[in-house]
Amino acid sequence: MDYKRIIIFLPALLLFSGCGIYTNYHRPESLPVDSLYRDVPEAMQDTSSLADLSWRELFTDSLLVKWIEVGLEKNSDIQTARLLTEEAQASLQASRLAFLPSVSLTPQGSLGSFGGAKPSKTYSLGGTAEWEIDAFGGLRNAKKGSRAALEASRAYEQAVQTQLVATIAETYYSLLALDRKLAITRETARKWGENVRAMKALKRAGERDDAAVAQAEASRLEAESSVLSLERQLHELENSFSTLLGIVPTEIERGRLLELSFPEELSVGVPVQLLGRRPDVRQAEWQLAEAFYATNKARSSFYPQITLSGSAGWTNSSGTGIVNPGDWLLNAVGSLVQPLFNRGRNVANLKIAKAQQQEALVAFRQKLLDAGAEVNNALTQWQTARKSLELDSRKVETLETAVRSTQLLMEHGNTNYLEVLTAQQTLLQAQLTEVSDKYEEIQGVISLYHALGGGIK
């Protein structure tokens, strides 16, 4: 078939090539965007959001900033995500090159003799080129799909980064919380040591018996045991933190829990912002776009494949004899291949592509719902922890007064040592609870920041 005729007939063929093979992806309608947030005060729903802050602005602890930088450089998950992005970039480049002709060089030479005659030499110096005309969108949809896959990989890389930043921050503050619990427990053990000495003095004076001394000593030993347990937890958490950062186990330099500061007021923005800010949501949408173009590509398989090819070269063999010097040899061919016997397979492939597109749509919608739930849960965690901290602070102050009073009464009155024991144990538990609630508040801020899509910049 002459290639000029093929080109002439292309407009007519394109008239029959509808069915969506040239359509572009558009975001689905009826997504549950407006109803993602539950019981969020209007004051917290603004155009601004906590996620607008860079992680350097949110986390002001210079040591935490240092460890986040180390993790972003050396963590294995983020390194793998970057390599996947590079793979997607290479795949996109390959799909772009598919639009260009394929060119190959075909030099040949031979030496032959018949009946003892003088050997004849033949040669051919030439090349061939082949170009597939994308009349029915096969190459176009492949390129669009590769672009969507690249954007999905970039979004995945960002999702890994936001998760890594949040995890490093949470682990760092866990270390600070354990440090604070360890300091409280050590102080409690020290005070029980003083109580033991006081009990022994009172025993020598005949005001206390062996049971009181033994009980005080048991309480001191229990506190010392708790110190050892907390020290072990700290050591193990430092090892886990080092692994997270991608470094060998080492002592983690860190600040103090009491020196932390976070915004007093938080803003979550509006739900629709999650579509653009949450990298995992964007990844799910780009995967939907990739599936959309895969469906279009499957439709393109029902239409002919049009290819133009040609060759050119210098040869001394004309096919009928050998001439010297050689001469130019030119050839051009146009071909159209219409699938006939693989229609059943194409139909099956189209059904598979459509099903996978629906799967991607369901996954995208679910990812958006999950994002909204994470925002709601993080906000509730933060609000509850703040209220609990107010109660904890008042409770600790009251119990500190109670401990001082019972100790004075025991030393100068008739108060039973069990009352002192109960008061000190209650105070210790209240102090540890206050630390836990403080960490819950911090974790709520970090979780909300991550849920809103913060941590990319």
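The values are calculated or read from the model by the stated rules, or taken from the named source; none is laboratory data. In this text, all values refer to a predicted model and were calculated from it rather than measured experimentally. Cβ atoms come from the backbone with ideal geometry, glycine included; neighbour counts cover every protein chain shown.
Just a few scattered comments:
- Considering residues of region 351-380 that are aliphatic (A, V, I, L, M) and surrounded by 17 or more Cβ atoms within 10 Å (Cβ to Cβ) only, the residue farthest from Ala149 (Cα to Cα): Leu379
- Residue check for Arg394: touching a helix residue (DSSP H, G or I) at 6+ places or on another chain (Cβ under 9 Å), at negative phi, charged (D, E, K, R) and assigned by TED's automatic domain parsing to the domain that holds Lys203: no
- From Ala355, Ala385, residue being under 27 Å from the mean Cα position of the chain (by Cα) and without any contact (Cβ under 8 Å) to a residue 24 or more places away in the chain: Ala355
- Matching option when the condition is crowded, with 17+ Cβ neighbours inside 10 Å, closer than 18 Å to Asp61 by Cα and assigned by TED's automatic domain parsing to the domain that holds Gln79, among Leu258, Leu230, Leu245, Leu202: Leu245
One line per residue, one yes/no per condition, for (1) assigned to a helix (DSSP H, G or I); (2) among the acidic types (Asp, Glu); (3) at pLDDT 90 or above:
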| site | (1), (2), (3) |
| --- | --- |
| Ala135 | no, no, no |
| Gln163 | yes, no, yes |
| Glu187 | yes, yes, no |
| Arg208 | no, no, no |
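- Every listed requirement among (1) modelled with pLDDT under 80; (2) surrounded by 17 or more Cβ atoms within 10 Å (Cβ to Cβ); (3) within 30 Å of Arg38 (Cβ to Cβ) is met by Pro263 save one, (2).
- Residue match in region 288-300 (condition: assigned to a loop (DSSP other than H, G, I, E, B), closer than 30 Å to Gln358 by Cβ and modelled with pLDDT under 90): no
- The conditions of being out of contact with any Gly (no Cβ under 7 Å at 6 or more places or on another chain), at pLDDT 85 or above, buried (at least 17 other Cβ atoms within 10 Å of the Cβ) and hydroxyl-bearing (Ser, Thr, Tyr) are met by Ser388.
- Among the residues of region 48-98, those that are under 30 Å from Ser146 (Cα atoms), in contact with a Leu (Cβ under 9 Å, 6 or more places away or on another chain) and among the polar types (S, T, N, Q) comprise Asn75, Thr85, Gln89, Ser91, Ser95.
- Some residue of region 44-58 being modelled with pLDDT under 85, in contact with a Gly (Cβ under 9 Å, 6 or more places away or on another chain), exposed (fewer than 10 other Cβ atoms within 10 Å of the Cβ) and outside any helix (DSSP H, G or I): yes
- Flag for Leu274 being part of a helix (DSSP H, G or I) and under 30 Å from His26 (Cα atoms): yes
- Among the residues of region 181-222, those that are in contact (Cβ under 8 Å) with a residue 12 or more places away in the chain and farther than 18 Å from Gln407 by Cα comprise Lys181, Leu182, Ile184, Thr185, Arg186.
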